[in-house]
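Please read the structure below before turning to the comments.
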Amino acid sequence: MRKKLWISLALLFVIPGLLFTVSCAQKEITETEEAVVTETKEEPTEAKVEEEKPVAEDDRGILAARNMFLNEDIYFEFDKSSLDSVAQDVLTRKADWMRDNPDVAVSIEGHCDERGTNEYNLALGDRRAESAKAFLVDLGIEAYRISTVSYGEERPVDAGHNEEAWAKNRRGHFLIP
Amino acid sequence: MKRIQIKIISLIVLTLFIMPGLCLADYEYIDINNPFLRKIPIAIPIFANLPDSETKDSVLKKASDLLSETLEFTCYFKMLDRGAFLIDPDNPPLITPKINFNNWVSIGAELLITGGLALKNDRLEVELRLFDTFKAKRLVGKRYEGPADNLRQMIRRFCSEIIYHLTGSRGIFNSKIAFISTGSGNKEIYICDFDGFNLKQFTNNKKINLFPAWSSDVKWIAYTSYLNGKPDIYIKNIKKKEGYVIAKKGINIAPAWVPGKFELAATLSYSGDQEIYLLTGTGKIIKGLTSKYGSDVSPSWSPDGKKMAFVSNRSGTPQIYIKDINSGQVERLTFNGQYNTQPSWSPRGDRIAYCSIQKGQSNIFAIDIKSQDPVQLTYDTGNNEAPSYSPDGSLIAFSSTREGPSRIYVMTAYGTDQRRLLSLRGEQTNPKWSTNVKWD
């Protein structure tokens, strides 16, 4: 019986002591919780960053489309301003892009290879740029959004004097001024 | 060989067509219609000091050499070697009774020029005389006086007198050549005298500048420039810096002044098609000169301003056509080859020089307008382009890649005596020869 009393007494003292220590520990925890809270405060910003990622991927797509519009030239036969099926496909894609970007105005440069004479080539470059413009207008793009400038043979992309270089230089090039 | 034969036959044919014109000229020294097959042997001994003058020998030699080079530029003469002369070089006789013409006839000289010079206090006096050695007769005698640095002008004036006496034309000695050079890294317009002397940069805008064209009075140059990002025509007064701009939508290119007028023709494409228009010197449209669908470019006027040669691809390939301004009639001139451009109408009126591309090579041709018979003037020497006649029609300036980079060359209207005019950095193209201005 005495033993039981001792245990009861011990419990009487130990339990509140335990409780005390627990409360002490709880205090410490709340402190750490505070720290956690401050961390969680940052969490929403992290989430924002994560939200932005898919937007950037969209941007990349937009940028790629824009770059394709700017970098994809159309090519012509010697002394010709007519558009072959490849050029027409490229121009159709350009019209799609212009429809997706209705606020953008573009400029088409008409270029020639070095063969032939400067005066005639300036006129030929003009015809090339104008024929590309006419094709886009036929596809429903507003004419006022498209300006043209002929460079004739003055601005080759390839300085070579062979058919490979000439083929690259007989081109229509697109710019967003 | 075959080509040479064809060339000679063509020359003979051309000469036959031009024969009627020969009767009009009563000069027997130079057959202006075929003057370069036989050059006139001419002797130009070193100039002497005029009485009471002690000009240095080096100055005397320089002056006589300058006369010799200036005359030689015309290609009419064969300069005789001074080493063969039978005269006392220290005491050369200058005037008729003292000259022993047999000394000159015996070394083959048909013409003789004597010169006397005095340089006193930066004032220069020059006496120059041209003699016919066979007839033992003075043909031209002139005396010039002025500041010492006017020697070149005095020599040129005398050359002008000589050529006038021998051919009936004032020649080229007060004319200029404008051209494009990339020496600065951009296509800029430069101007020099007919012989390449006195080089000056005319445009300096670091953009593409093309197609300089002289007004008849040589006071204005019209040209195409990308100053505002597209090809517009700028009309500039050379001395006063004033000017006008033709900046319509599309291209505004290749102007050509109407002879004797403050008007020009040029290709504009604002209508959607490249057409040639007649414009005032201030850039206002007077009327359209072409209206066929296709590119119409490179106008070049007949000397009387009544006809205009131009390039059109209305038949499918670029060919040269002539439009009669009054009747409105258009006739095709070139039928040989698939690419004939850059017409330049001879100031003599009878021929048009142009650039023809055959088998991938550009060459200069000249075509008689009546017979429509083309003569090839350059052969197997790189690309030869942009012919421009001298004001007397005796020479043609053009560009050629025969030595690698494009340079300006000069040849006779018959294709002989081809030589480089200038040696500059970069590439030179599109020479345009001005008219010959009267001396002040």
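List of remarks:
- Spans of strands (runs of 3 or more DSSP E) in the stretch B:104-170 with at least 1 residues of a type in the set (Ser, Thr, Tyr): B:111-120, B:137-147
- The set of residues in the stretch B:308-329 that are more than 14 Å from chain A (Cβ to nearest Cβ) and in contact (Cβ under 8 Å) with a residue 24 or more places away in the chain comprises B:MET308, B:ILE322, B:LYS323, B:ILE325.
- Selection over the stretch B:387-404 of residues that are more than 19 Å from B:ILE172 (Cβ to Cβ) and open to solvent by 10 Å² or more (accessible area, probe 1.4 Å) gives a count of 4.
- Looking only at residues of the stretch A:90-116 that are within 13 Å of chain B (Cβ to nearest Cβ) and touching a Pro at 6+ places or on another chain (Cβ under 8 Å), we find that the one that is most open to solvent (accessible area, probe 1.4 Å) is A:GLU114.
- Matching residues in the stretch B:87-103 - criterion: being outside any loop (DSSP other than H, G, I, E, B) and of a type in the set (S, T, N, Q): B:THR96, B:ASN102, B:ASN103
Listed here are the residues, each with its yes/no results for (1) under 31 Å from the mean Cα position of the chain (by Cα); (2) assigned by TED's automatic domain parsing to the domain that holds B:LEU421; (3) free of Cβ contacts under 8 Å to residues at least 12 places away in the same chain; (4) buried (at least 17 other Cβ atoms within 10 Å of the Cβ).
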position	(1), (2), (3), (4)
B:SER68	yes, no, no, yes
B:THR74	yes, no, no, yes
B:LEU80	yes, no, no, yes
B:TRP104	no, no, no, yes
B:LEU112	yes, no, no, yes
B:ASP122	no, no, no, no
B:GLU125	yes, no, no, yes
B:LEU151	yes, no, no, yes
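- For B:ILE155, the conditions (1) touching a helix residue (DSSP H, G or I) at 6+ places or on another chain (Cβ under 9 Å); (2) of a type outside the set (Asp, Glu); (3) modelled with pLDDT of 95 or more; (4) open to solvent by 10 Å² or more (accessible area, probe 1.4 Å) all hold with the exception of (4).
- Whichever residue in the stretch B:377-386 is open to solvent by 10 Å² or more (accessible area, probe 1.4 Å) and away from chain A (no Cβ under 14 Å) and, among such residues, is nearest to B:GLN428 (Cα to Cα): B:THR381
- Candidates B:THR167, B:THR182 - the one that is touching a Ser or Thr at 6+ places or on another chain (Cβ under 9 Å), among the β-branched types (Val, Ile, Thr), within 14 Å of chain A (Cβ to nearest Cβ) and open to solvent by less than 60 Å² (accessible area, probe 1.4 Å): B:THR182
- Test: B:SER362 is within 14 Å of chain A (Cβ to nearest Cβ) and in contact with a Phe, Trp or Tyr (Cβ under 6 Å, 6 or more places away or on another chain): no
- Residues that are in a helix (DSSP H, G or I) and more than 19 Å from A:SER150 (Cβ to Cβ), drawn from the stretch A:71-89: A:ASN71, A:SER85, A:VAL86, A:GLN88, A:ASP89
- The stretch B:206-272 holds strands (runs of 3 or more DSSP E) entirely within its bounds, and those carrying 2 or more residues that are of a type outside the set (Val, Ile, Thr) and more than 14 Å from every other protein chain (Cβ to nearest Cβ) map to B:232-237, B:243-246, B:263-268.
- Residue check, B:THR334 of a type in the set (S, T, N, Q), open to solvent by 10 Å² or more (accessible area, probe 1.4 Å) and in a loop (DSSP other than H, G, I, E, B): no
- Candidates are the residues of the stretch B:290-304 that are closer than 19 Å to B:ASP350 by Cα and among the polar types (S, T, N, Q); the one that is nearest to the other protein chains (Cβ to nearest Cβ) is B:SER298.
- Taking (1) out of contact with any Pro (no Cβ under 7 Å at 6 or more places or on another chain); (2) assigned to a strand (DSSP E or B); (3) not aliphatic (A, V, I, L, M) in turn, B:GLN342 satisfies each apart from (1).
- Residues of the stretch B:405-440 that are open to solvent by less than 30 Å² (accessible area, probe 1.4 Å) and aromatic (Phe, Trp, Tyr): B:TYR409, B:TYR414, B:TRP433.
- From the list B:ASP149, B:ASP217, B:ASP232, B:ASP195, the one residue that fits, being modelled with pLDDT under 95 and among the acidic types (Asp, Glu), is B:ASP149.
- Residue that is surrounded by the most Cβ atoms within 10 Å (Cβ to Cβ) [pool: residues in the stretch A:137-177 that are among the aromatic types (Phe, Trp, Tyr) and more than 11 Å from chain B (Cβ to nearest Cβ)]: A:PHE174
- Every condition in (1) without any contact (Cβ under 8 Å) to a residue 24 or more places away in the chain; (2) in the same structural domain as B:TYR389 (by TED's automatic domain parsing); (3) more than 26 Å from B:LEU395 (Cα to Cα) holds for B:SER184 except the one numbered (1).
- Leading residue by the ranking (surrounded by the fewest Cβ atoms within 10 Å (Cβ to Cβ)) among those in the stretch B:273-283 that are away from chain A (no Cβ under 14 Å) and among the hydrophobic types (A, V, I, L, M, F, W, C): B:LEU278
The values are calculated or read from the model by the stated rules, or taken from the named source; none is laboratory data. Since the structure is predicted, the reported quantities are computational estimates derived from the model, not experimental observations. Ideal geometry is used to build each Cβ from the backbone, glycine not excepted, and the neighbour counts take in all protein chains shown. All accessible areas refer to the heavy atoms of the entire protein, side chains included, with ligands and DNA or RNA removed. Shrake-Rupley method; radii C 1.70, N 1.55, O 1.52, S 1.80 Å.
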